[in-house]
Amino acid sequence: MDRCVVLVDAGYLLGAAASLLAGDPSRSRIAVDHATLVRQLRERAEVETAQPLLRIYWFDGAPDRVPQPEHRRLRVMPRVTVRLGALTRSDGRWAQKGVDAAMHAELTELARNKACSDIVLVTGDGDLLPGMTAAKEHGVAVHLWAVQAAGGDYNQSEDLVAEADERRLLDRAWITRAIRARDTAGSCAPQPAPGPEIAAILSAPLPDTATRPARDSEPEQPPAPAGTNGTAPASAPHPRAVPTPKDLAALRAADRAVPAREQPATATLRWSSDKGLVERPGAADSPDDTALPTLAQLTTAEQRWADREEDITTVGGDPFEVGQVFARRWLGRLGDRSLLPRLAALYPRIPHRVDGELLRYAARFGLLAHKDDQIDEHDRYAIRAGFWREIDLPANGEPAAQQPLDHARPPT
């Protein structure tokens with residue numbers, strides 16, 4: 001059949017591009033415009049083979065084969081199919097498993113079924129030599145594309161180069177239309193600047209340095225509060241850069257150890273983005289998490305199916321976007337609007353059950369399946385900031401898309 005197919009080894013293409021542009025094969029050193037890259041691959045393949053494109057197959061590795069945000073963006077593009085192998089960590093380095101075998105199987109299957117007349121291979125791995133040979137025996141023309149190597153070195157198997165019917169070079173000018181080196185400071189790329197919602201949380205003072213109301217009987221540097229048996233209670237965990245709900249709970253417990261005469265009976269510690277840990281009149285504890293339903297409790301079987309379809313086809317997987325999508329569904333299905341002020345009173349903390357569900361939802365997009373399976377701190381802030389941006393509650397507890405996020409904060 002007179003059509004062309006492009007098989008892309010993403011590890012080779014992006015790793016070689018990173019070496020060329022940043023001097024380091026780590027893909028974290030480059031920023032990729034995937035839409036532009038796919039368009040360039042299609043246009044060049046159609047020109048050089050003189051055949052219309054059937055499909056671009058994008059082969060890559062992912063931890064536990066969970067699609068990463070870039071894979072989710074790619075697989076909803078027209079004429080693009082993503083095939084994922086495993087990404088495993090060994091001796092401190094990531095390695096792809098199963099990608100070459102998947103490319104070999106696709107290459108031979110396309111040729112055997114006469115699905116195309118020309119196949120473009122963007123790879124450098126000599127393990128594909130048997131597949132290339134088999135495709136040629138089935139009457140398919142094989143075009144091998146190479147990324148310009150840094151320093152003039154070879155970055156492809158010589159046997160693979162020798163066996164190809166046609167060979168082309170993707171030079172620096174072609175690469176830089178869709179890929180650029182990230183700005184570096186020292187030896188690694190800096191984290192992108194946080195958005196205003198994340199910055200508001202990050203700029204809050206730490207619990208141990210926050211301004212707290214002074215008590216008349218309290219010295220400037222009070223000793224640790226004594227327990228009931230005269231010994232000091234177990235110290236609260238050392239706070240992180242921004243305290244987690246668990247940190248705040250431990251500090252609340254320590255504060256309750258102060259005798260009642262030294263503490264207002266109705267005081268409770270709350271986290272304020274403006275003032276850090278402060279005492280506010282009100283109930284002894286924060287609003288009950290169980291009063292706020294989870295998204296799963298609000299979702300019917302039909303809605304669950306539609307949500308999954310939307311996740312696959314339209315949600316790109318950006319952390320901020322994931323938080324917004326989750327919050328939009330939760331807010332749209334919440335019947336009892338009187339619960340919204342309870343949620344607003346917790347800002348910036350998301351109720352424990354809802355927060356856990358939110359992070360599990362984010363895991364579907366590969367946001368949590370990296371860095372030794374630890375949740376990336378910046379991603380967590382972005383996910384929760386996206387949640388609050390979509391909730392966007394003014395003082396009356398009703399959502400209003402045009403109100404700034406500050407309306408979600410209870411008065412301090």
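The values are calculated or read from the model by the stated rules, or taken from the named source; none is laboratory data. The structure displayed is predicted, hence computed values, not measured ones. Every residue, glycine as well, gets a Cβ built from its backbone with ideal geometry; the counts of neighbours run over all protein chains shown.
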With region 1-114 as the region, which strands (runs of 3 or more DSSP E) entirely inside it contain at least 1 residues that are more than 24 Å from G126 (Cα to Cα) and assigned by TED's automatic domain parsing to the domain that holds Q148? 30-32, 53-62, 80-90
Can V99 be described as among the hydrophobic types (A, V, I, L, M, F, W, C), modelled with pLDDT under 95 and exposed (fewer than 15 other Cβ atoms within 10 Å of the Cβ)? no
I'd like the full set of residues that are at pLDDT below 80 and either of a type in the set (A, V, I, L, M, F, W, C) or in a loop (DSSP other than H, G, I, E, B) (or both), limited to region 372-393. D372, D373, Q374, I375, D376, D392, L393
Residues located in region 115-143, provided they are touching an Asp or Glu at 6+ places or on another chain (Cβ under 8 Å), in a helix (DSSP H, G or I) and more than 17 Å from I56 (Cβ to Cβ): G126, D127, L129, M132, T133, K136
In region 125-159, what count of residues is obtained for those that are touching a Ser or Thr at 6+ places or on another chain (Cβ under 7 Å) and of a type in the set (D, E, K, R)? 1
When (1) closer than 14 Å to A162 by Cα; (2) within 36 Å of the chain's Cα centre (by Cα) are applied to V120, the one that fails is (1)
If you go through region 17-45 one residue at a time, how many are surrounded by fewer than 16 Cβ atoms within 10 Å (Cβ to Cβ) and either more than 23 Å from the chain's Cα centre (by Cα) or at positive phi (or both)? 3
Would a scan of region 68-76 turn up a residue that is on the phi > 0 side of the Ramachandran plot, surrounded by fewer than 20 Cβ atoms within 10 Å (Cβ to Cβ), in contact with a helix residue (DSSP H, G or I) (Cβ under 9 Å, 6 or more places away or on another chain) and not hydrophobic (A, V, I, L, M, F, W, C)? no
Within region 4-11, is even one residue out of contact with any Asp or Glu (no Cβ under 9 Å at 6 or more places or on another chain) and either within 26 Å of E321 (Cα to Cα) or not polar (S, T, N, Q) (or both)? yes
First in region 148-171 and not assigned by TED's automatic domain parsing to the domain that holds D24, second anywhere and part of a loop (DSSP other than H, G, I, E, B) and buried (at least 16 other Cβ atoms within 10 Å of the Cβ), Cβ under 9 Å, 6 or more apart: none
